[in-house]
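Encoded as structure tokens, the structure appears first; notes follow it.
The values are calculated or read from the model by the stated rules, or taken from the named source; none is laboratory data. Worth saying up front: this structure is predicted, and the values here are computed from it rather than measured. Cβ coordinates were reconstructed from backbone atoms using ideal geometry, including for glycine residues, and neighbour counts include every protein chain displayed. Note: accessible area is taken over every heavy atom of the protein model, side chains too, but ligands, DNA and RNA are not part of it. Shrake-Rupley method; radii C 1.70, N 1.55, O 1.52, S 1.80 Å.
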Amino acid sequence: IELILEYLRHNHFMYIKQRLPYIAAVIRDLKPDTDQKLIQDLKLIFPFFMEDFIRHMYEEEDTLFNYILTLTTIHNRSAHPYK
């Protein structure tokens, strides 16, 4: 379980540091060759999405991951009460 959580933390890190900034750069550099309204909407909405998504990842790490680790600890203690 710890390995899975570490993988998820690493994946969150990659999204925050690489993937989301890349998507933001692609959106920022869109040329008005296509639907101008769509481009304007993306440029307006994406920063809000990015902020919310990053907040969600941090909240998940702070709450859900700790909860899972707590449940694992409790389970291990009940499975092996003399350890």
Query - Per residue, in Å², the accessible surface of the chain once ligands and nucleic acids are set aside, probe 1.4 Å - result: 82
**Report entry** Shape box of the chain [Cα atoms, principal axes, largest first, Å]
**Finding:** 69, 17, 15
Query raised in the report: For segment 1-46 and segment 57-83, what is the separation of their C-alpha centers, rounded to whole Å?
Result: 31
Query raised in the report: Picking from L3, V26, F65, whose Cα lies most toward the positive end of the charge dipole for the chain (charges on Cβ: Lys, Arg +1; Asp, Glu -1)?
Result: L3
Query raised in the report: Which helices pass in the chain if a helix is a full DSSP H run, must span at least 20 angstrom along its long axis by Cα, and must have mean Kyte-Doolittle hydropathy not below 0.0?
Result: 36-59
Report task. First compute the accessible area of segment 17-83 with a 1.4 Å probe, then give the percent of it belonging to carbon and sulfur atoms. Result -> 61
Query raised in the report: Just from its helices, what would the mean residue ellipticity at 222 nm be for the chain, if runs of 4 or more DSSP H residues each count -39500 (n - 2.57) and the sum is divided by every residue, rounded to the nearest 500 deg cm²/dmol?
Result: -23500 deg cm²/dmol
